[in-house]
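Here's the structure we're looking at; comments come further down.
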Amino acid sequence: MEVYERELEESISPVEASFVSGLTACRNLRAIGKGQYIHGEAMNKGLEEEVVIGNNMVSMYAKCGSLGTAKHVFDRLLCRDIVSCNALMIGYGHLRRAQVFSISFRK
């Protein structure tokens, strides 16, 4: 998280790895507010739909308990992979909503 914030303070444009590390830190710290800020920055740079960044957004929102937002980001991914599905499924599982995920995923 510190690296990402330092890049912003020094007016260095964050690269994909910076977004990923920032989102991972937010996920681990359950810092959804900072995660939303990073999400906004990724959107401004047109990176929201990149699979690696998108997967990390899905994971961060799901782990922070914001399943609606996690599902929204998941739905907007141009390319979903096993990581995308697992991130969302784990989020639903943590909140004991695995059946909802199963039904939602089939649609």
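Data table
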{"quantity": "The range 51-107, residues that are within 12 Å of the chain's Cα centre (by Cα), among the aromatic types (Phe, Trp, Tyr) and at pLDDT below 95", "calculated": "Phe74"}
{"quantity": "All positions within the range 15-60 that are touching a Lys or Arg at 6+ places or on another chain (Cβ under 8 Å), outside any helix (DSSP H, G or I) and surrounded by 14 or more Cβ atoms within 10 Å (Cβ to Cβ)", "calculated": "Glu48, Glu49"}
{"quantity": "In the range 67-98, the residues that are of a type in the set (S, T, N, Q) and within 19 Å of Phe19 (Cα to Cα)", "calculated": "Thr69, Ser84"}
{"quantity": "Single unsatisfied condition, Ser11 versus (1) at pLDDT 90 or above; (2) assigned to a loop (DSSP other than H, G, I, E, B)", "calculated": "(1)"}
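The values are calculated or read from the model by the stated rules, or taken from the named source; none is laboratory data. Every value quoted in this text rests on a predicted model; they were computed, and no experiment measured them. In this analysis, Cβ positions are derived from the backbone assuming ideal geometry, glycine residues included, and neighbour counts consider all displayed protein chains.
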